Amino acid sequence: MNIKAPKGTKDIFGEEAYYFQKVEQVILEVCKTFNIEEIRTPMFESTDLFIRGVGDTTDIVNKEMYTFNDKGGRSITLKPESTAAVSRAYIEHGMHLKKLPVKLFYLADCFRYENTQADRYRQFKQFGVEYIGTESPFSDAELIAAGYQVFKRLGLTEGLTIQINSLGGHDCRKIYNDKLRDFLKQNESKLCETCKIRADKNPLRVLDCKESACQKLFLDAPLPLDCLSEESILKFEIVKNALTNMHVPFEINKRLVRGLDYYTNTVVEFNLKGINGAVLGGGRYDGLVEELGGAKTPAVGFAMGMERIVTSLIKRNIDKNIPRCLIYLGSIGDCGNLKATTIANNLREDNIVCESDILGRSVKSQLKYANSINAKYTTIIGLDEINKNICTIKNMDSGEKQDVSIDNICDFLKNNKE
Ligand code: HAM
């Protein structure tokens, strides 16, 4: 039996690969304008990092991590998300000593053993941004605006909803947790088995439980927004006001809590019509760096699911910018092939997309191939053309033919790119 890619993973090639490149290009442009620098962290980390960072009652840590012992007996986990890893790197390299805030972005593969369904994979790619060392609510707003810029530049604003909420700071979270714990105790019989266990230890996790009974119960549960301190209310007002002024469309979702433990104050999710699950999620995590052994450090960030974005672009048939092969340099015989290969190499140095024969095909098959790759121009170079230093270039769209000096092919193509 043939071996197939593991469940929840996929090979990315052809059209889809171009869409990935397009999204990555837009991401790099946006990060440049926001002056956000790249960070690449390892694909695996110590398991403890995620237990302490993401939280031992979350679904990610409880059910979804790819954890194993390496040959040295260390417990290792394939990164299920990058925020904990970036925070670890921030502490490890004393990044706060250089400048604050530290503004970092990443494009990273993540691994979660999830129930696979549409738009949910076991290996997926996240684009994420973390602002570490800033407490200002303007950083929350700037970050959400950066996420929105990516969607705007990709032409993905139709059917996009941006939802925000505030969970409050550490003290509000405590008041809210007590209130919620009481509510859950009164309704214990309606909870699923997992939530019965975690309701006391981490009541907030019940609110993002995927079981329908727990979701139904959540509709009557107390809301984080009703437990905010004056300070958290003010911060949330600043975020909302800044987003409005930056023309970032958003709505308040009072029930948005997110599935990771580290969030405080602002939380955010982007959803796109036609895509299952959020396309971007994030929020403030003022306690994480300290939880991982660093100094008390406020931070805020988000991560976006690249596959979900690419699926949306494909579904909407949004331009993918496949670079068109400008010329196929066909050839007759070894001399012609050598000449065509040499010209092709020179053209590539001038950034012209071109191909020549590397399969020893007949002229007929070469032209068939040129057609299949949608080359804009074709030419055939043989001894005759080499001796006369002239070749005939055919425009494959119009059928028009033109004689061009072999030495001038590059100039001809530069003048006839469009
Ligand atoms: P998250 O909500 O777990 O947050 O993931 C962020 C995004 O990654 C989701 O909105 C979704 O687009 C994508 N994603 C998550 N799981 C999958 C999956 N199984 N298949 C495909 N896409 C998926 C975090 O990971 C936080 N670290 C975000 C953050 C950064 N918060 C602060 N800074």
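The values are calculated or read from the model by the stated rules, or taken from the named source; none is laboratory data. None of these values were measured; they are calculated from a predicted model. Counting neighbours? That spans all protein chains shown, and the Cβs are built from the backbone with ideal geometry, glycine included. Please note that ligands, DNA and RNA were not included when accessible areas were found on the heavy atoms of the full protein model with its side chains. Shrake-Rupley method; radii C 1.70, N 1.55, O 1.52, S 1.80 Å.
Only residues that are of a type in the set (Val, Ile, Thr) and either surrounded by 20 or more Cβ atoms within 10 Å (Cβ to Cβ) or touching a Cys at 6+ places or on another chain (Cβ under 8 Å) (or both) were counted in the stretch 299-331, giving 5. You will find that of Val206, Val248, Val239, the residue that is out of contact with any strand residue (DSSP E or B) (no Cβ under 7 Å at 6 or more places or on another chain) and open to solvent by less than 50 Å² (accessible area, probe 1.4 Å) is Val206 and no other. Being closer than 19 Å to Gly333 by Cβ and open to solvent by less than 10 Å² (accessible area, probe 1.4 Å) is a property that Ile381 has.
Listed conditions (1) in contact with an Asp or Glu (Cβ under 7 Å, 6 or more places away or on another chain); (2) open to solvent by less than 20 Å² (accessible area, probe 1.4 Å); (3) assigned to a loop (DSSP other than H, G, I, E, B) are all met by Ala5, apart from (2).
Of all the residues in the stretch 47-66, those that are open to solvent by less than 70 Å² (accessible area, probe 1.4 Å), over 24 Å from Glu211 (Cβ atoms) and not small (Gly, Ala, Ser) number 2. Residue-level analysis places Lys63 outside the set of residues that are part of a helix (DSSP H, G or I) and within 22 Å of the chain's Cα centre (by Cα).
Counting only helices (runs of 4 or more DSSP H) that sit wholly inside the stretch 106-224, those with at least 2 residues that are within 16 Å of the ligand (Cβ to nearest atom) are 137-154. Kindly indicate whether any position in the stretch 185-198 is touching a Ser or Thr at 6+ places or on another chain (Cβ under 6 Å) and among the basic types (Lys, Arg). Within the stretch 185-198, one or more residues are touching a Ser or Thr at 6+ places or on another chain (Cβ under 6 Å) and among the basic types (Lys, Arg). Against the criterion of being modelled with pLDDT of 95 or more, of a type in the set (A, V, I, L, M, F, W, C) and within 12 Å of the ligand (Cβ to nearest atom), Val86 qualifies. Hey, does the stretch 350-363 have a residue that's surrounded by fewer than 12 Cβ atoms within 10 Å (Cβ to Cβ), basic (Lys, Arg) and over 23 Å from Glu15 (Cβ atoms)? Within the stretch 350-363, none of the residues are surrounded by fewer than 12 Cβ atoms within 10 Å (Cβ to Cβ), basic (Lys, Arg) and over 23 Å from Glu15 (Cβ atoms).
Listed by position, the strands (runs of 3 or more DSSP E) contained in the stretch 254-357 that have at least 2 residues being within 14 Å of the ligand (Cβ to nearest atom) and at pLDDT 95 or above are 264-272, 280-284, 299-305.
Of all residues in the stretch 68-92, those being outside any loop (DSSP other than H, G, I, E, B) and more than 23 Å from the chain's Cα centre (by Cα) number 6. Reported count of residues in the stretch 388-400, each being surrounded by 13 or more Cβ atoms within 10 Å (Cβ to Cβ) and not polar (S, T, N, Q), is 5. Suppose we filter Leu104, Leu78 for residues that are more than 24 Å from Gly147 (Cβ to Cβ), at pLDDT 95 or above and in contact with a strand residue (DSSP E or B) (Cβ under 6 Å, 6 or more places away or on another chain); which single one remains? Result: Leu78 is the single residue among Leu104, Leu78 that is more than 24 Å from Gly147 (Cβ to Cβ), at pLDDT 95 or above and in contact with a strand residue (DSSP E or B) (Cβ under 6 Å, 6 or more places away or on another chain). Screening the stretch 107-131 for residues that are modelled with pLDDT of 95 or more and of a type in the set (Ser, Thr, Tyr) and picking the one that is surrounded by the most Cβ atoms within 10 Å (Cβ to Cβ) gives Tyr131. Just wondering, is there one or more residues in the stretch 189-197 that are in contact with a Pro (Cβ under 8 Å, 6 or more places away or on another chain), more than 19 Å from Gly287 (Cα to Cα) and open to solvent by 40 Å² or more (accessible area, probe 1.4 Å)? No, the stretch 189-197 contains no residue that is in contact with a Pro (Cβ under 8 Å, 6 or more places away or on another chain), more than 19 Å from Gly287 (Cα to Cα) and open to solvent by 40 Å² or more (accessible area, probe 1.4 Å).
The selection criterion, being within 33 Å of the chain's Cα centre (by Cα), small (Gly, Ala, Ser), within 24 Å of Gly281 (Cα to Cα) and loosely packed, with under 15 Cβ neighbours inside 10 Å, does not hold for Gly169.
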